[in-house]
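Reviewing the structure listed below.
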Amino acid sequence: MADGAQGGAYDVAIVGAGFSGLYMLHRLRELGLSARVFEAGPSVGGTWYWNRYPGARVDIESQEYCYSFSPELDAEWTWSERYAAQPELLAYLNHVADRFDLRPDIQLETRVTAAHYAEAARRWMVTTDRGERVTARHVVMATGCLSVAKEPDMPGADSFAGASYHTHRWPDGGVDFTGKRVAVIGTGSSAIQAIPQIAAQAAHLTVYQRTPNFSVPAHNGPTDPAVAADWAANRAQYRQEARDAGFAIRAVRQAEETALAVSPEERAAAFEARWAHGGFCLLGAYSDLIFDKAANDTAVAFVADKIRSLVEDPATAEKLIPKTYPIGSKRICVDTGYYQTFNRPNVSLVDLIETPIEAITPAGVRTTAGEERFDAIVYAIGFDAMTGALSKIDIRGKGGAALRDRWAEGPKSYLGLMVAGFPNLFIVTGPGSPSVLSNMAVSIEQHVEWISDCIAWMGERQADAIEASEAAQEAWVAHVNEVADLTLYPQANSWYLGANVPGKPRVFMPYIGGFPAYREKCAEVAAKGYEGFLVTAGGA
Ligand code: FAD
Ligand code: NAP
């Protein structure tokens, strides 16, 4: 069945060597297929290689944010902290690459620049920035939802004479901010993790905030041996519980009752208990928090009071309280000492709604209130999410149609897995799948397994092409939008909607119908002989 890897011809070309690409390669190898992974970076690990900023760590408990496909891997790996930090996650993914002997089929420091479908041959021609051209029956885009950083778009950003950093491209070996005056621009998850660490080192830190975020405490610490033992004894069951949970996160502990059905005292106690537990479980306190504005307001009020209690200066506290969108409609941040950082004498907050940035200058940052001088600026300004990495590759399907053009009005896919007109091109956690609205380790495994099962199914039938039908794609896109509109999510100017990138079409990209419903739909489609897909065998 294998095409043979000689002469640059593979059964499958995989783009990206993060969580997705590594597991994809492993599964295809098990099927006896030839596959080659192309990774732009100098290391495997994806997200966990690139985002080496101080404080970077997972926002889902480590026991849940890892692969589940290998009991042996589970048994030999132990997590040192409740929420693993970036170096440990990178070590884990390197261990996976070694343990499953993946490295011989991974080509690092190689960016895929183009992928063109040759209709007659039913093969993809893949071009890299090293000038290579390989062919493959299938291409799997494991390019990541959050792998293309937004570049600073303020006037004068290139003129700054000090050091500039982006959280996504942190220097190897770290940065020493001792004695320095530092600016952090942005207050998303990356900034909220980095700010306490930078503040502890710098002479002075100024945080430039445009939109405040909701953040909940992680209560991180060394792994509790009792928790590790419990997981070791019940891992299979707990993994299944995660797969059966709406966000594929077991720790959310989704309650069934609604927020306004209980008394204010009972509600306050429930929120308090979940705040004390830490992490995303706050959002699981009531079943209607992401559907009903009045219910959501109760959680907003609870967190606002928490911020007021944690931040000593009332004016600073008010600035840090989000007031323009529902809680949960942007991914909640999970922090370690974020709000308390603003009690330090060496930290100040600039509200960019009151005093917008006019320019980055050679000396620092100039807002409408004046210029502040810095030795270093840290940009924590986020990503061209979900479509960024794909739109950077010249992807052309049937008739030479460019994916960029097809998606000019916003991404369309069937199940977030395939796009009509682009046969044999699979996307891992693409727009239209739960993806970034879930525990991505779980979503990635489900996608990789669905894709490899599909490729195996094609092999058994000697099918040479599979493609989403336009009708199935349109119906799925309509469903994705319909479900999003039932929730409060579209009310936030989030990167889920592309709202953070000027000019990007405003389309709600991930699927919010819940991981279990989505997984069931994917399984049903496969069981019905890949319903909604067009399959070609021997040209027919
Ligand atoms: P990535 O890890 O992004 O890997 C994609 C790889 O593809 C990258 O290495 C990139 O260099 C490569 N690539 C892209 N384009 C090309 C090309 N043209 N040619 C060659 N290579 C290419 N999710 C959670 O569920 N929980 C978390 O706590 C969490 N924390 C996160 C923290 C940060 C800072 C960020 C940015 C994201 C976080 N995420 C989290 C989301 C995270 O991206 C996923 O959990 C997961 O790591 C994605 O794995 P991936 O392999 O799909 O993509
Ligand atoms: P982000 O959530 O998009 O945050 C970017 C921040 O930069 C926002 O505060 C944004 O303000 C601000 N910003 C952007 N452009 C700006 C400009 N021109 N001027 C001033 N401010 C500007 O990006 P992120 O923090 O990197 O996180 C992205 C996602 O990655 C998260 O939602 C999460 O899914 C994942 N992540 C997870 C973790 C974790 O805890 N494990 C850590 C990091 C990232 P506006 O909101 O006003 O646009």
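Any idea which of Val37, Val44, Val96 is touching a residue at least 24 places away in the same chain (Cβ under 8 Å), within 9 Å of ligand 1 (Cβ to nearest atom), more than 17 Å from the chain's Cα centre (by Cα) and within 28 Å of Ala13 (Cα to Cα)? Walk me through how you get there before you give the answer.
Values: Val44 fails: more than 17 Å from the chain's Cα centre (by Cα); Val96 fails: within 9 Å of ligand 1 (Cβ to nearest atom).
When all the criteria are applied, what remains is Val37.
Does Arg122 qualify as being more than 23 Å from the chain's Cα centre (by Cα) and within 16 Å of ligand 1 (Cβ to nearest atom)?
On the way: more than 23 Å from the chain's Cα centre (by Cα): yes; within 16 Å of ligand 1 (Cβ to nearest atom): no.
Here the answer is no, as Arg122 does not meet what is asked.
Set side by side, the residues Ala463, Ala478, Ala456, Ala484 differ, and just one is among the aliphatic types (A, V, I, L, M) and without any contact (Cβ under 8 Å) to a residue 12 or more places away in the chain, which is Ala478.
Summed over the range 155-182, residues that are within 16 Å of ligand 2 (Cβ to nearest atom), within 25 Å of the chain's Cα centre (by Cα) and surrounded by 15 or more Cβ atoms within 10 Å (Cβ to Cβ) total 6.
If the condition is being more than 23 Å from Lys330 (Cα to Cα) and among the polar types (S, T, N, Q), then the range 407-445 contributes only Asn424. Here Tyr165 passes the criteria (1) in contact (Cβ under 8 Å) with a residue 24 or more places away in the chain; (2) part of a loop (DSSP other than H, G, I, E, B) except the one numbered (2). Considering only residues that are touching a strand residue (DSSP E or B) at 6+ places or on another chain (Cβ under 9 Å) and either in a helix (DSSP H, G or I) or under 22 Å from Asp172 (Cα atoms) (or both), look in the range 49-79 and name the one that is farthest from ligand 2 (Cβ to nearest atom). The extreme case among them is Trp50. Each residue in the range 319-330 was checked for being part of a helix (DSSP H, G or I) and of a type in the set (A, V, I, L, M, F, W, C), and 1 pass.
Among residues of the range 197-228 being surrounded by fewer than 18 Cβ atoms within 10 Å (Cβ to Cβ) and part of a loop (DSSP other than H, G, I, E, B), the one that is nearest to ligand 1 (Cβ to nearest atom) is His219. Filter the range 80-113 down to residues that are hydroxyl-bearing (Ser, Thr, Tyr) and within 16 Å of ligand 2 (Cβ to nearest atom), then give me how many there are. Total satisfying the criteria: 2. Taking first residues from the range 331-345 that are touching a residue at least 40 places away in the same chain (Cβ under 8 Å) and part of a loop (DSSP other than H, G, I, E, B) and partners that are within 16 Å of ligand 2 (Cβ to nearest atom) and small (Gly, Ala, Ser), the Cβ contacts under 6 Å between residues at least 6 apart in sequence or on separate chains come to Thr336/Ala218. Restricted to helices (runs of 4 or more DSSP H) entirely inside the range 432-540, those with at least 2 residues that are farther than 18 Å from Tyr414 by Cβ are 440-460.
Of all residues in the range 21-48, none satisfies the criterion of being away from ligand 2 (no atom under 16 Å from the Cβ), closer than 23 Å to Arg243 by Cα and among the β-branched types (Val, Ile, Thr).
FYI, it's all coordinate maths here, none of it is from the lab. Please read all numbers here as calculations on a predicted model, not as lab measurements. Backbone-built Cβ (ideal geometry, glycine too); neighbour counts: all protein chains shown.
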